[in-house]
1. Sort 73-83, 55-65 for me by packing, meaning the mean count of neighbouring Cβ atoms within 10 Å per residue, highest on top.
2. So how tilted is helix 35-47 from the main axis of the chain? Cα-based, degrees 0 to 90, rounded to 10.
3. Report the charge-dipole magnitude of the stretch 3-69 in Debye, nearest 20, computed about the Cα centre from +1 at each Lys and Arg Cβ and -1 at each Asp and Glu Cβ.
4. Quick one: 3J(HN,Hα) in Hz for the stretch 66-72, Karplus 6.51/-1.76/1.60 with θ = phi - 60°, rounded, Gly and Pro as x.
5. Over the stretch 62-117, what lengths in whole Å, largest first, do the semi-axes of the equivalent ellipsoid take, defined as the square roots of 5 times the eigenvalues of the alpha-carbon gyration tensor?
6. If you average the alpha carbon positions of the stretch 96-114 and of the stretch 125-150, how far apart do those two centres end up, in angstrom?
7. Heads up, I need the accessible area for LYS169: 1.4 angstrom probe, whole protein in place, Å², nearest 10.
8. Which one, ALA129, VAL117, PRO78, projects farthest toward the positive side of the charge dipole computed for the stretch 68-155 from Cβ point charges (K/R +1, D/E -1)?
Amino acid sequence: MSAATVIAQTKDLVTSYLKRGFEHIIFLNGHYENYQFLDEGIDLAMESLNREQQGDRFGLLLSYWDYVGEETLAQVYPQGFPGWDIEHGGVLETALMLHLSPNSVDMSRAPVGPAAVLPKFDRLPAVAARTPRSGCLSAPDGASTEKGKLLYDDVVSAISSDLAFELHKAVAV
């Protein structure tokens, strides 16, 4: 989908839920490149309400990887975490899928080889040769159901804590 489509759909979803009486809209992002478009859609929806309509309503936008703790990263990547920029189809995402939907993962088809080497800038249009044919920016070597559970539990615990705090604070205001 284009950025404009993601923004428009997000705005429409948030506006629709708010019109139906929802007080708090929470988006849990799972794809890095979508963040700014989700942010814009939520912001536009909130701006479309007048002060009275908006009241204490708000939207929250979270990305699950922001909740992975350093201790968990050290356990999942004993040789050192390679960085979020190449964790696309790598150990973390594969381990999470092995935990959440093991029948959707066929490790015999997992790519092998070195991680992609990416520049610090974005070039548009993208240079296709910089991304391996598999679409995975790093190999999922070492991914396991146990690591997926560890990651999942860490993220769920941290997100739950933040949401409990923020939503309780919203109720108390």
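1. Going from most to least packed, we get 55-65, 73-83.
2. The answer is roughly 0 degrees.
3. Taking the Cα centre of the stretch 3-69 as origin, the dipole is about 240 debye.
4. For the stretch 66-72, the Karplus curve yields 5, 9, 7, x, 4, 5, 5 Hz.
5. They are 19, 16, 11 Å, listed from largest to smallest.
6. For the stretch 96-114 versus the stretch 125-150, the Cα centre distance is 10 Å.
7. 90 Å²
8. ALA129
The values are calculated or read from the model by the stated rules, or taken from the named source; none is laboratory data. All values derive from a computational prediction rather than experimental measurement. Neighbour counts run over all protein chains shown; Cβ positions are idealised from the backbone, glycine included. With ligands, DNA and RNA removed, areas are computed over all heavy atoms of the protein, side chains included. Shrake-Rupley method; radii C 1.70, N 1.55, O 1.52, S 1.80 Å.
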